[in-house]
Amino acid sequence: MPYRGFCSVLIGLMLLTPNTPVPAEETDLLKVVATFSIIGDMISNIGEDDIVLTTLVGANGDAHVYEPTPADARALAEADLVIANGLEFEGWIDRLIAASGYTGPLIIASDGIEPLKADTRHGHAHLHGHALDPHAWQDLSNARQYVANITQALAAADPARTSTYQRRQQRYDQALAALDTEIRERLATVPEDRRTVVTSHDAFGYFGRAYNIDFRAPVGLSTDSEPSAQQLASLIRQMRNEGIQSLFLENITNPRLVQQLAREADVVVGGTLYSDSLSSVDGPAATYIDMFRHNVQQLLSTLALEDEPAVARP
Ligand SMILES: [Zn+2]
């Protein structure tokens, strides 16, 4: 009974650990919990110093397989607002809310985007219980919808600051829209026959749909599984037959699989893409916008090569 065990451990620890008193200057500030780093950054762009933000799954963390801690339950117990991605990304959030006793609103940042169905991409059969692809933040136009939802939620919970939140939304939305235009222009330079990329898990379906790149992966939409020998062999065959030369690590997944693909398909690893979380503050993807820029730069450095790849295929 992992569910009951989890709850009783959490509740036990919560009773043992008295809540830390909130400093006086913070008492009138909205306490917001973000489930993971990417929406945490979006929220802080709108809330800035007018909110107290707690992010559960931090830099380089993997929300697919996250196990909430007693400190997470305490953060929820004190929160005014909890904001999650939704689309089945945080499979642990309902359990955590129940264990924490939080009764406030659960805001789904992805509300209103057009979801990708799990089974429509490349005939992938590894759904792992996912009906929808949760990685909607990998499309800047979806991010603009996330930010609109976040702004609305902050304003509803803290009406006195509505115009402040809306002003920041307008500024951030303009930055996201400008980046979207810039990225479309830069990716348009990639030749049609170089638009296939292999990564660890299926995290870039929305990116692929938005920017016309064909992403493939040995593992499905979640990171909680290993590919079969057959799936791996099939991907290696595709890479050899189609001459796919673009292979990337992800910041949240074990590099072993991608290194094996590199060896067996005789391809050089192009670098690291940030899929499901930001980097630490001193890394190349410390904000959502930096993450997008970094990923596009990494892709272009491999995809937009004019010359033959440095390492010839056999
Ligand atoms: Zn993922």
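The values are calculated or read from the model by the stated rules, or taken from the named source; none is laboratory data. Nothing here was measured: the structure is a model prediction, and the numbers come from that model. Here the Cβ positions follow ideal geometry from the backbone for every residue, glycine too, while neighbour counts run over all protein chains shown. The accessibility values were calculated without ligands, DNA or RNA, using every heavy atom of the protein model including side chains. Shrake-Rupley method; radii C 1.70, N 1.55, O 1.52, S 1.80 Å.
Do we find a residue being modelled with pLDDT of 95 or more and either within 16 Å of the ligand (Cβ to nearest atom) or in the same structural domain as residue 287 (by TED's automatic domain parsing) (or both) anywhere in region 74-84? Yes, region 74-84 contains at least one residue that is modelled with pLDDT of 95 or more and either within 16 Å of the ligand (Cβ to nearest atom) or in the same structural domain as residue 287 (by TED's automatic domain parsing) (or both).
Among the residues of region 53-73, those identified as touching a strand residue (DSSP E or B) at 6+ places or on another chain (Cβ under 8 Å), open to solvent by 40 Å² or more (accessible area, probe 1.4 Å) and more than 16 Å from the ligand (Cβ to nearest atom) are 53, 54, 55. The single condition among (1) out of contact with any strand residue (DSSP E or B) (no Cβ under 6 Å at 6 or more places or on another chain); (2) in contact (Cβ under 8 Å) with a residue 40 or more places away in the chain; (3) away from the ligand (no atom under 16 Å from the Cβ) that residue 244 does not meet is (1).
The rows are residues; the columns are (1) farther than 22 Å from residue 66 by Cβ; (2) loosely packed, with under 14 Cβ neighbours inside 10 Å.
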| site | (1), (2) |
| --- | --- |
| 178 | yes, yes |
| 191 | yes, yes |
| 204 | no, no |
| 209 | yes, no |
| 214 | yes, no |
| 229 | yes, yes |
| 235 | yes, no |
| 244 | yes, no |
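Does region 209-221 contain any residue that is at pLDDT 95 or above, more than 16 Å from the ligand (Cβ to nearest atom) and part of a helix (DSSP H, G or I)? Yes, region 209-221 contains at least one residue that is at pLDDT 95 or above, more than 16 Å from the ligand (Cβ to nearest atom) and part of a helix (DSSP H, G or I).
State all residues of region 185-208 that are more than 14 Å from the ligand (Cβ to nearest atom), within 24 Å of the chain's Cα centre (by Cα) and of a type in the set (Ser, Thr, Tyr); if no residue qualifies, say none. Of everything in region 185-208, just one residue is more than 14 Å from the ligand (Cβ to nearest atom), within 24 Å of the chain's Cα centre (by Cα) and of a type in the set (Ser, Thr, Tyr), namely 196.
Set side by side, the residues 202, 282, 224 differ, and just one is closer than 30 Å to residue 42 by Cα and free of Cβ contacts under 8 Å to residues at least 24 places away in the same chain, which is 282. Scanning region 250-269 for residues that are in a helix (DSSP H, G or I) and over 24 Å from the mean Cα position of the chain (by Cα) returns 260, 262, 263, 264, 265. Of the conditions (1) polar (S, T, N, Q); (2) touching a helix residue (DSSP H, G or I) at 6+ places or on another chain (Cβ under 7 Å); (3) not in a loop (DSSP other than H, G, I, E, B), residue 230 clears all except one; give me its number. It fails just one condition, (2).
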